[in-house]
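Here's the structure we're looking at; comments come further down.
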Amino acid sequence: MSRRKPWARVKEDSVNSILVERDIGYLDVGIAPILESLNSLKGVATTSSCIGRVALVEGPFHWGRDEDSRIAYKTHSRITPEAILRVMSRGFTDLWLKATGPILHARTSSLDCALHLLGKARESGFKHSGVISHGGPGGSVVEIMSASQLSAPLIVGGVVVVRMGRDYLEALAGRANATVEEGRRRLRLLVDSLLTDPGPCG
């Protein structure tokens, strides 16, 4: 006997998990309306999501995990020069500024819906997106990932490699914030396009 959940149950679980994450403060600020719009489509149920963020990462490489690197500071809002200076003053040996765009995962009720969602995502600038699974519990899963990102070394081997002047740090923070905003602009384009033309997801 198949243990696959009925699609209505998948949708219900998705909506409930968003409500729980919102209530306990885990949901990224500003992403709730995006998820509500995507989940208004009959064939789409969002799962994990991030609206984009700026982080200061301690470690030799900004993409490291666990013992190699760790996040020293992160914000889903705008980063300021003061925040950068405050973290840099903590005596790290290696420190990176990293800005990333949105990443979302969505289950779909059919492969046709998954391909339609993927097409809309790529048209909206999410070139690194793809169908990452098909046929498991909950249908097909689409990963929607923004190519908009920025990384810059701040401290390397104990040596500060950025100018500490206010003008430079304002420019660096501004570019990081613009990177995140560009990803969010593309996310709004995606939602508008899907709501206008839901195709097999409607």
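We did not get these values from a lab; they are worked out from the coordinates using the rules stated. Just so it is clear, the model here is predicted, and its values are computed rather than measured. Cβ: placed from backbone, ideal geometry, glycine included. Neighbour counts: every protein chain shown.
Mean residue ellipticity at 222 nm from the helices of the chain, using -39,500 (n - 2.57) per DSSP H segment of n ≥ 4 over the full residue count, to the nearest 500 deg cm²/dmol? The partial results should precede the final answer.
On the way: 5 runs with 78 residues, N = 202.
About -12500 deg cm²/dmol.
Computed from backbone phi, the HN-Hα couplings of region 196-202 come to 6, 9, x, x, x, 8, x Hz, rounded to whole numbers (Karplus: 6.51 cos²θ - 1.76 cosθ + 1.60, θ = phi - 60°; Gly and Pro given as x).
Under 8 Å for C-alpha pairs, at least 6 residues apart: give me the relative contact order for the chain, rounded to a whole percent.
Values: 380 pairs, mean separation 50.0, N = 202.
Across the chain, relative contact order equals 25 percent.
Remark on region 91-166: hydrodynamic radius 14.8 angstrom, per the Kirkwood mean of 1/r across alpha carbon pairs. Please name which of 56, 164, 41 has its Cα lying farthest along the dipole of the chain towards the positive end, using unit charges on Cβ (Lys, Arg +1; Asp, Glu -1) and the Cα centre as origin. Of 56, 164, 41, it is 41. Taking Rg and Dmax of the Cα atoms in Å as calculated from this structure, the corresponding entry among [x] 19.2, 66; [y] 25.6, 98; [z] 16.0, 48 is [x].
Under 5 Å from the amide H of residue 147 lie the amide H atoms of 127, 128, each residue being 5 or more positions distant or on a separate chain, with H modelled from the backbone and absent for Pro and chain starts. Across region 37-52, computed HN-Hα scalar couplings (Karplus, 6.51 cos²θ - 1.76 cosθ + 1.60, θ = phi - 60°) run 5, 5, 6, 6, 7, 4, x, 10, 9, 6, 10, 6, 7, 8, 7, x Hz from first to last residue, x flagging Gly and Pro.
In region 37-97, which chymotrypsin sites (Phe, Trp or Tyr not before Pro) fall in coil by DSSP and have 13 or fewer other Cβ atoms within 10 Å? All intermediate terms of the calculation are to be shown ahead of the outcome.
Values: sites: 61, 63, 73, 92, 96; in loops: 61, 63, 92.
Filter output for region 37-97: 61, 63.
Cys residues of the chain that find no other Cys beta carbon under 4.7 Å: 50.
Given +1 on the Cβ of Lys and Arg, -1 on the Cβ of Asp and Glu, and no further charges, what dipole in debye does the chain carry about its Cα centre, rounded to the nearest 20? Mind showing how you got there, number by number?
Numbers: 26 positive and 21 negative charges, 37 e Å.
The dipole of the chain has a size of about 180 debye.
In a simple Cβ point-charge model (Lys, Arg +1; Asp, Glu -1; nothing else charged), region 1-87 has a dipole of about 420 debye relative to its Cα centre. Between 122, 163, 78, the Gaussian network model of the chain with springs among Cα atoms under 10 angstrom shows the greatest mean-square fluctuation at 163.
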